[in-house]
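S.K.: Next up is a structure, given as structure tokens.
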Amino acid sequence: MSVAVQLAGQHVLLQNVSWPTYQALLSDLGDHRRGRLAYDRGKLEIMSPSLAHERFRRVIGRFIEAFTEELGIAVLSAGSTTLQHELRERGVEPDECYFVQNESLVRRRRRLDLSRDPPPDLALEIDVTKSSLDRLEIYAALGVPEVWRYDGRKLTFLQLTSGGKYGAVRKSRALKSLAPRDVMAFLGRLGTVDETRLVRSFRAWVRGRLEPE
């Protein structure tokens, strides 16, 4: 195992890491580690999130929670649960992820096993610090049908195609009738108002503009 890249404490890329070593690191670091791990066929990346990253992650997550609450959409919030598949030699920890269409299938689960269980219907990726790995390729290999990607300026909704690649779409499939521009109308105000007021205004917009499914 060798260190290939190290950037100012923000992320480290390790080469030639075996699957058992990856599993051992997950176990040793535990659930309360600050760094996020991603694994792709022998390459292991450990990223340390910045304040900006965490703010975007939490605010967009709160928007999703407000949207599902107001419209009565059943959802299971899985946070940064490790998504991994040994046979595909991939693993990733999303910034946030949610079961929506498949919520009832995992409602009683205490541990997710992608060899048995469906992947989350929606994953959130805050991409303000460039990753050394192709995280979308990892999500595609794990079969995650929808990824929201925010780069600090633009929010893109991506859906997995039959060809195994992600393509940008105008509206979410997991959260029907929600579009990137709807979220950006409020996310663009982050820093000009406090987060409580921002989320409350988004919630009011959901109540006034959208009909329950």
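Nothing in this text is a laboratory measurement; each read-out follows from the coordinates by a stated rule. Small disclaimer: the values here were computed from a predicted structure and weren't measured. All Cβ positions, glycine included, derive from the backbone under ideal geometry; neighbour counts span all protein chains shown.
S.K.: About the Cα centre of region 50-209, what is the dipole size in debye to 20, counting +1 per Lys and Arg Cβ and -1 per Asp and Glu Cβ, all else neutral?
M.R.: Magnitude of the dipole: close to 520 debye.
S.K.: Based solely on its DSSP helices, what 222 nm [θ] is calculated for the chain when runs of n ≥ 4 H residues each add -39,500 (n - 2.57) and the sum is averaged over all residues, nearest 500 deg cm²/dmol?
M.R.: Dividing the helical sum by the residues of the chain leaves -9500 deg cm²/dmol.
S.K.: Taking the Cβ of E70 as the centre, find all other residues whose Cβ is under 9 Å away and add up their charges (Lys, Arg: +1; Asp, Glu: -1).
M.R.: Once all neighbours under 9 Å are counted, the net charge is +1.
S.K.: Compute the signed sum of charges (Lys and Arg +1, Asp and Glu -1) over the other residues within less than 13 Å, Cβ to Cβ, of R109.
M.R.: Cβ neighbours under 13 Å give a net charge of +2.
S.K.: At what distance in nm do the modelled label points of S77 and N16 sit from each other, each positioned 7 Å from its Cα along Cα→Cβ?
M.R.: 4.3
S.K.: Additional query: Rounded to the nearest 10 degrees, what's the angle between the helix 195-209 long axis and the longest principal axis of the chain, both from Cα atoms, 0 to 90?
M.R.: Around 60 degrees separate the two axes.
S.K.: Right, here's the next one. Where does each of 37-45, 79-87, 190-198 land if you order them by average Cβ count within 10 Å, highest first?
M.R.: 37-45, 79-87, 190-198
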